[in-house]
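These notes concern the structure reproduced below.
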Amino acid sequence: MSKFHSTVSRRDFMKGLGLAGAGLGAAAAAAPVFHDLDEVTSIQGETKHPWYVKELELEKPTVEMDWSTYQRVDRTKQVSGTRFPLTATSSAHAKINATIAAARVLKDSGHNIAWMKEKFPSYQGPDLRTEAMLGASATSRMNYGTFEGVVDDVRRNPGEPLSIPAPDVKWQGTPEENLKTLRNAARFFGAAEIGVVPLTANTKKLFNANYRDGTPINFVSGNEPYRNDNEIAIPSGHSVLFFSTLESSQARQAPAPTWTGYEHYSHVERKIHYFLGALGYKHSNVSSYTQSVAFGAFSGVCESSRACMIGTSYKYGNMYRGMHRITTDFPLAPTSPVDAGIHKFCKDCRTCAESCPYNAMPLGDASWEHEDTEEETLKNYIPGFKGWRLLNLKCIRCKNCHTQCPFNSGDAAIVHDLVRATASTVPIFNGFLANMHRAFGYGTKNPDEWWENDAPIGLFDAEFVKP
Amino acid sequence: MWLIIGLIAGAAVLGLVLWMRGKDVAVKWYEWLVGALGLALLLFTIQNYAGSLAELESTAANMFLLVSGLPAIILLAVSWQLVARRQRAG
């Protein structure tokens, strides 16, 4: 019989299992950054494949080729009297091939939807909301709709051809459900956040008194917005939908900026307008008639900050670019302003202002007036709020301030959430945190570095976009 | 990666506890505390180092090694030495 015996008692063994589990839990509580060892070794912008992917010789992919048989394709070739290839995607081909005819009958009978309903018994089939999303996501025609909220080429009833919308067909939901619907749609189109501000006696003041050509902006009763030579009319009962789009994260390499912020914003703007119109609601673009950061702050999407014309967000720092405003009668639950400690943090931080190549940013405390003597003398600002004001006479819009904010940070290192939580709850550490931000080298990067790193797919680094 | 780190950390702590039991090494509560803080700071350093590299912030990554990694090593060393020196004296 073996004389082996364990020095570990059963009790100690079970305790040990528990310790190992605790160790596992502690490590797992740290946000996982890498999914496998290959990601660990693939840092610093390398593009090599994971260990399980073999690189093959040139001209030797996994598909076997017979080069003696394979020839350049003759695109004038015919199959059954029509151009090759004969496919089930064309209803015209149903007339010449029975197999295609059968596939088309299946499709036209709604087989796609029937299949989905069988798989998900609670699925009701496409509805107005789905059709609105389909139309908006396909609106490469830039179908914007009019100020009055008319959108053409909308499929009002699933399965029917596109048509001019019937004004009495509207998507129905509670204001809270509608906000969720719109938020999902907006994010899908590429917006970062949305907020809603009801029109009240105070918030109406966030609208300009007139357009720059002097046309007065008035609030009217009823539900019909309109514009003519005499006035721009906004229905008093509408809400202001505010949404933001991000600057490309690679704008951290400013002043070698990208223009993705506004270019992307224009696509998102059109899709959201189309979506609202297709749901049956008014959607008037009032961006030219309102103040952007003001609505951003009142909607809770950002806070007014030392960055002045940029609304600073606890999620994205100064990286908001597009800040669009739409008045709509779509019933939407309002979103509250927030205090994430940013306004207080700005007092001690000053990173953006001290990094301004043109000394165009305020360095003092928040004030009711402009801290620059010349700007104050000229009254070159909007009074009525205690905040920071850009030195417009010096700012040439280089965007360096976008890249500097401590709240710009990504999501991969857990210290950023720690900083956000601390800034909001224990402001005494703000100066220290701002100093650490600078000491740790965050902020603007060498523009040449952009070409050395793996560029993100699309516009934004995945770890930068937060839920 | 974190699965592996967790297994290693758990196994290391388990091994340490069993070894100390075998040698009749007594550990005071504050020695456990300092050691635990050191381990937590070490894990914090590793996570932020790797996260900073993923965010393309190499300066920040190196600063974490200095600012939190070094204190982590120091705390772990202090915990170790407190136990070791008391053992030698006792």
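The values are calculated or read from the model by the stated rules, or taken from the named source; none is laboratory data. Since we're looking at a predicted model, the values are computed, not measured. A quick note on method: Cβ atoms are made from the backbone with ideal geometry, for glycine too, and the neighbour counts reach across all protein chains shown. Protein only, heavy atoms only, side chains kept; ligands, DNA and RNA dropped before computing areas. Shrake-Rupley method; radii C 1.70, N 1.55, O 1.52, S 1.80 Å.
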Q: List the lysines whose Cα lies under 24 Å from the Cα of A:K205, skipping any in the same chain that are fewer than 8 positions away.
A: A:K282, A:K379, A:K386
Q. Cα to Cα, under 19 Å, and not fewer than 8 places away if on the same chain: which aspartates and glutamates meet these conditions relative to A:K170?
A. A:D127, A:E131, A:E148, A:D152, A:D153, A:E160, A:E224, A:D329
Q) Under a straight-distance cross-link criterion of Cα-Cα below 25 Å, which lysines are reachable from A:K95, leaving out those fewer than 8 residues away in the same chain? A) A:K77, A:K107
(Q) Report the Cα centroid-to-centroid distance between region A:370-423 and region A:48-100 in angstrom, as an integer. (A) 56
Q: Calculate, axis by axis, the spread of Cα positions in chain B along the three principal axes, and write the results as whole Å, longest axis first.
A: 50, 25, 16
**Q.** Under 5 Å, built H, 5+ apart or other chain: amide partners of A:C302
**A.** A:A297
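From the square roots a ≥ b ≥ c of the eigenvalues of the alpha-carbon gyration tensor of region A:170-311, which class results: rounded (a/c under 1.5), prolate (a/b over b/c), or oblate?
On the way: a/c = 1.72, a/b = 1.27, b/c = 1.36.
Since a/c reaches 1.5 but b/c is at least a/b, the shape of region A:170-311 is classed as oblate.
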Q. With the dipole of chain B worked out from charges on the C-beta (+1 for Lys and Arg, -1 for Asp and Glu) around the Cα centre, which of B:G69, B:M20, B:Y49 lies farthest toward the positive end?
A. B:M20
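Provide the FRET efficiency to the nearest 0.05 for the A:R83-A:K107 pair, computing r from the beta carbons and using R0 = 25 Å.
Taking R0 as 25 Å, the efficiency between A:R83 and A:K107 is 0.75.
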Q: Pop out the ³J(HN,Hα) list for region A:85-93 in order, Karplus 6.51 cos²θ - 1.76 cosθ + 1.60 with θ = phi - 60°, rounded to Hz; leave Gly and Pro as x.
A: x, 7, 10, 7, 7, 10, 5, 5, 6
Q. Between the DSSP loop rule and a limit of at most 12 other Cβ atoms within 10 Å, which GluC sites (Glu not before Pro) in region A:290-389 are left?
A. A:E369
Q.
Given axes a ≥ b ≥ c from the Cα gyration tensor, I'd like to know whether region A:340-406 is rounded (a/c under 1.5), prolate (a/b larger than b/c) or oblate.
A. oblate
Q) Hey, how much of the P(r) for region A:66-133 falls beyond 17 Å, as a percent of Cα pairs? A) 63
(Q) Charges on Cβ only, +1 for Lys and Arg, -1 for Asp and Glu, centred on the Cα centroid of region A:330-413; of A:N408, A:N392, A:H343, which one is farthest towards the dipole's positive end? (A) A:N408
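Any idea what the relative contact order of region A:355-462 is, in percent, if you count C-alpha pairs under 8 Å spaced at least 6 apart? List each step's numbers first, then the result.
Values: 79 pairs, mean separation 23.8, N = 108.
Relative contact order for region A:355-462 comes out at 22 percent.
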Q | 5 angstrom amide H check on A:F219, placed H, neighbours 5+ away | A | A:I234
Q | Karplus-derived 3J(HN,Hα), 6.51/-1.76/1.60, for each residue of region A:408-418, Hz, glycine and proline x | A | 5, 4, x, 10, 7, 8, 6, 4, 5, 5, 5
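Filter the trypsin sites (Lys or Arg not before Pro) in chain B to those in DSSP coil with at most 13 other Cβ atoms within 10 Å of their Cβ, and list the result.
Values: sites: B:R21, B:K23, B:K28, B:R85, B:R86, B:R88; in loops: B:K23, B:K28.
Within chain B, the qualifying trypsin sites (Lys or Arg not before Pro) (loop, at most 13 other Cβ atoms within 10 Å) are B:K23, B:K28.
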Q: Could you please state how large a percent of the accessible area of region B:4-46 is carbon and sulfur, counting protein chains only and using a 1.4 Å probe?
A: 79
**Q.** For A:Y226, residues with placed amide H under 5 Å, excluding near neighbours
**A.** A:A233
Q: Take the alpha carbon atoms of region A:200-240, find their center, do the same for region A:290-325, and report the distance between the two centers in whole angstrom.
A: 22
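Within region A:358-409, report the trypsin sites (Lys or Arg not before Pro) that DSSP leaves as loop and that have at most 16 other Cβ atoms within 10 Å. If you can, show how the numbers build up before the last one.
Values: sites: A:K379, A:K386, A:R389, A:K394, A:R397, A:K399; in loops: A:K379, A:K386, A:R389, A:K394, A:R397, A:K399.
For trypsin sites (Lys or Arg not before Pro) across region A:358-409 that sit outside H, G, I, E and B with at most 16 neighbouring Cβ atoms in 10 Å, the list reads A:K379, A:K386, A:K394, A:R397.
Per DSSP H run of at least 4 residues, take -39500 (n - 2.57); add these up for chain B, divide by its residues and hand me the 222 nm value, nearest 500 deg cm²/dmol.
-28000 deg cm²/dmol
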Q.
Interface size between chain B and chain A, please: total buried accessible area, 1.4 Å probe, rounded to the nearest 100 Å².
A. 2800
Q) Can you work out the FRET efficiency for the pair B:L70 and A:E176, with r the C-beta to C-beta distance and R0 = 51 Å, to the nearest 0.05? A) 0.55
Q.
Can you work out the Karplus-derived ³J(HN,Hα) for every residue in region A:311-326? Use 6.51 cos²θ - 1.76 cosθ + 1.60 with θ = phi - 60°, whole Hz, and x for glycine or proline.
A. x, 8, 10, 5, 8, 10, x, 9, 8, 6, 10, x, 9, 9, 10, 9
Q | Dipole magnitude of chain B about its Cα centre (Cβ charges: Lys, Arg +1; Asp, Glu -1), debye to nearest 20 | A | 580
Q | FRET efficiency, A:K54 to A:Y226 (Cβ-Cβ, R0 56 Å, nearest 0.05) | A | 0.30
